[in-house]
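The values are calculated or read from the model by the stated rules, or taken from the named source; none is laboratory data. Because the structure is predicted, anything quoted here is derived from the model rather than measured. For neighbour counting, all protein chains shown are included, and Cβ atoms are generated from backbone atoms with ideal geometry for every residue, glycine included.
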Ligand SMILES: C[S@@+](CC[C@H](N)C(=O)[O-])C[C@H]1O[C@@H](n2cnc3c(N)ncnc32)[C@H](O)[C@@H]1O
């Protein structure tokens, strides 16, 4: 592990202050040997100083998640593995310990991160091939692989990963829509260039750099006007709190593509859930009040985003509030589809 780490909380979404091995080795060892993710780089390396940066851009993943994903990968003697997102190199080290460094290729986009990982791996006597590059392209020179494992999340599966995996091989990758909610997809590659399988568990990884969302700011939607601007008012019995769970977000995002949300909190426990369309025109606000049974909604633009959210949530409830493991993903020449229970039952979009 690098000397400077910002320990996270187990769900991976917030970080604690810097722990520097040089200043507090006891705290550093305690954090490194805890079941938490450790942020090791902010803002693609542009952040300096001891404070928190804006966006974590490299880390050592939470041990529980790393081992769960390795269990999903199910490697055996002689298998060859491609990892996307070397980060600290810990996972590549584990794979090299199990399979031998000659059977492991790890691709990292950030050259400095890759260099440091390689130095530490070598010091530990481990010799995977660490490649600096865009992991979306895989690493064709050493293909085919028995397994591909991504340790950054994706919204679409790069075709190279399927092409570079042998028939019957397994791809394990954190997958989620732009809306939120994310889970580990475990795909088996077919002999026809397809890949298909179920989600295994909830996850919260940093996004593959080239698939990060490009979001317009709040002000771009309200166009300088005060809320409710030109929005139409209505009310709903569905509490905004009901749509905020991780699996609810996942299910809603599948049905409401091209949308994302933020929360504006007030002192009294009330908050506004803002939903935005990537069309940069549609928005909705839904106001949560503690103890209320009706909630005010305002919607503007070509899409009625709260109505879409509500319809998507209704569908999820009607299906028996499925967890991640009832959903699956198929990638083929038509693109990719998420399904419920079987590939014949694709999750419908609300419109
Ligand atoms: C969560 S960290 C990796 C954790 C690491 N595997 C471990 O052992 O703990 C995600 C890494 O993915 C890298 N990454 C993001 N986009 C990438 C891309 N297109 N190709 C390769 N690596 C990428 C980031 O720079 C970051 O280091």
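See the values below:
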quantity	calculated
Test: residue in the stretch 10-29 that is under 26 Å from residue 138 (Cβ atoms) and either modelled with pLDDT of 95 or more or crowded, with 20+ Cβ neighbours inside 10 Å (or both)	yes
Some residue of the stretch 68-81 being within 12 Å of the ligand (Cβ to nearest atom), in contact with a strand residue (DSSP E or B) (Cβ under 7 Å, 6 or more places away or on another chain), at pLDDT 95 or above and over 21 Å from residue 162 (Cβ atoms)	no
Selection from the stretch 266-316 of residues that are without any contact (Cβ under 8 Å) to a residue 60 or more places away in the chain and part of a strand (DSSP E or B)	271, 272, 273, 274, 275, 277, 284, 285, 286, 287, 288
Looking only at the stretch 54-87, and only at residues there that are out of contact with any helix residue (DSSP H, G or I) (no Cβ under 6 Å at 6 or more places or on another chain) and surrounded by 24 or more Cβ atoms within 10 Å (Cβ to Cβ), the one that is nearest to residue 18 (Cα to Cα)	59
Odd one out for residue 48, checked against (1) in the same structural domain as residue 157 (by TED's automatic domain parsing); (2) away from the ligand (no atom under 11 Å from the Cβ); (3) farther than 21 Å from residue 172 by Cα	(1)
Per-region count, the stretch 101-121, residues outside any helix (DSSP H, G or I) and either more than 11 Å from the ligand (Cβ to nearest atom) or out of contact with any helix residue (DSSP H, G or I) (no Cβ under 8 Å at 6 or more places or on another chain) (or both)	2
